[in-house]
Amino acid sequence: MIEVDEIDVSYGNIQVLWDLSFTVSEDDRVVSIVGPNGAGKSTLLRVMSGLHPVDDGRVTAWGDDVAGLEPSDIVKRGFVHVSEERNLFGDMSVRENLEMGAYTQRGSLDETMQEVFELFPILEERQDQRAASMSGGQQQMLAIGRGLMARPKILALDEPSEGLAPKITNRVFEKIEEISDNVTVLLVEQHVHKALGLADRAYLLENGEIITEDTGPSLLESDHIKEAYL
Ligand code: ATP
């Protein structure tokens with residue numbers, strides 16, 4: 001379980017998150033955080049991953065303050081964050097990228113890779129191909145697959161539909177739904193309709209503050225979401 005408790009976060013002297021609190025636990029299926037460009041969604045994930053400090057408040061991962069943990073310790077505890085940039089190793093093969101995802105994992109790498117291949121057969125077919133030569137949708141699947149190689153309890157996905165054609169976006173969301181059968185997904189998206197449709201709990205983040213919290217379907221029906229996002 002990750003608990004975010006009243007955090008303030010800034011870049012230099014510009015504050016971007018304000019008194020923000022929420023939790024995500026293994027009992028959740030999909031938790032979505034939606035909001036416009038620049039609202040602070042990626043920053044929140046970076047803080048949860050131990051990549052950016054808080055000014056005030058705290059974030060705990062399974063009871064431990066992330067301020068005292070290395071990012072790899074947070075991964076080991078079960079929180080994995082697939083960033084918006086995907087950060088694939090373009091010159092390495094698909095298989096090598098997946099192996100890199102398992103660097104913190106002690107279980108059987110082959111078994112986990114087999115599970116990832118079952119979810120994304122295209123990655124098995126293309127396992128010897130250079131990552132950079134894959135299409136945008138395939139690279140997104142590889143980034144998600146690499147995240148799963150660490151065997152997370154909570155998998156955070158930052159804008160998984162970024163830059164993808166609508167048809168491919170639908171495919172990615174189908175996969176996310178499938179993943180959520182086994183792993184809690186924390187979904188950060190500008191693609192409000194899809195992200196709320198999947199979410200059993202959702203937060204609307206605007207200007208660094210949580211404006212509303214509700215079930216995904218209820219938030220989808222709210223006037224504010226309809227007027228501003230749909
Ligand atoms: P997007 O979907 O565009 O990534 P977001 O909701 O994820 O938006 P963030 O990327 O977290 O938002 O950005 C929140 C605010 O912090 C924005 O005003 C942004 O300009 C600023 N910001 C983000 N990264 C940095 C940085 N490295 N240095 C300074 N300011 C930053």
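When each of Leu186, Leu148 is tested for being of a type outside the set (Lys, Arg), under 27 Å from Glu227 (Cβ atoms) and modelled with pLDDT of 95 or more, the lone residue that passes is Leu186.
Can you name every residue in region 197-212 that is surrounded by 18 or more Cβ atoms within 10 Å (Cβ to Cβ) and over 20 Å from Val4 (Cβ atoms)? Passing the criteria: only Leu198. Condition check for Ala102 on (1) surrounded by 22 or more Cβ atoms within 10 Å (Cβ to Cβ); (2) small (Gly, Ala, Ser); (3) touching a helix residue (DSSP H, G or I) at 6+ places or on another chain (Cβ under 6 Å): one failure, at (1). Residues being part of a loop (DSSP other than H, G, I, E, B) and within 21 Å of Gly163 (Cα to Cα) are represented in region 63-83 by at least one member. Scanning region 1-11 for residues that are more than 9 Å from the ligand (Cβ to nearest atom) and either within 17 Å of the chain's Cα centre (by Cα) or small (Gly, Ala, Ser) (or both) returns Met1, Ile2, Glu3, Val4.
If the condition is being polar (S, T, N, Q) and in contact with a Lys or Arg (Cβ under 9 Å, 6 or more places away or on another chain), then region 184-209 contributes Thr184, Gln190.
Being within 16 Å of the ligand (Cβ to nearest atom) and in contact with a His (Cβ under 8 Å, 6 or more places away or on another chain), is that true of even one residue in region 179-186? Among the residues of region 179-186, not one is within 16 Å of the ligand (Cβ to nearest atom) and in contact with a His (Cβ under 8 Å, 6 or more places away or on another chain), which makes the answer no.
Taken over region 54-68, residues that are within 14 Å of the ligand (Cβ to nearest atom) and either surrounded by 13 or more Cβ atoms within 10 Å (Cβ to Cβ) or modelled with pLDDT under 95 (or both) amount to 1. Selection of region 12-40 for residues being free of Cβ contacts under 8 Å to residues at least 24 places away in the same chain and within 11 Å of the ligand (Cβ to nearest atom) yields Gly12, Asn13, Ile14, Gly38. For region 121-148, the set of residues classified as part of a helix (DSSP H, G or I), touching a residue at least 12 places away in the same chain (Cβ under 8 Å) and polar (S, T, N, Q) consists of Gln138, Gln139, Gln140, listed by residue number. Among the residues of region 154-172, the ones that are farther than 12 Å from Ala143 by Cα, touching a residue at least 60 places away in the same chain (Cβ under 8 Å) and away from the ligand (no atom under 12 Å from the Cβ) come to 1 in all. For region 44-62, the set of residues classified as in a helix (DSSP H, G or I) and either free of Cβ contacts under 8 Å to residues at least 40 places away in the same chain or in contact with a His (Cβ under 6 Å, 6 or more places away or on another chain) (or both) consists of Leu45, Arg46, listed by residue number. Of all residues in region 85-112, those that are on the phi > 0 side of the Ramachandran plot have Cβ atoms under 9 Å from Cβ atoms of residues that are small (Gly, Ala, Ser), 6 or more apart or on another chain, in Arg86/Ala143; Asn87/Ala143.
Quick one: which residue in Arg151, Arg95 is within 19 Å of the chain's Cα centre (by Cα), surrounded by 16 or more Cβ atoms within 10 Å (Cβ to Cβ) and not in a strand (DSSP E or B)?
None of the others qualify; the one that does is Arg151.
The values are calculated or read from the model by the stated rules, or taken from the named source; none is laboratory data. Computed from a prediction, not measured in an experiment: that's the story for all the values here. Using ideal geometry, Cβ is built from the backbone for each residue, glycine included, and neighbour counts are taken over all protein chains shown.
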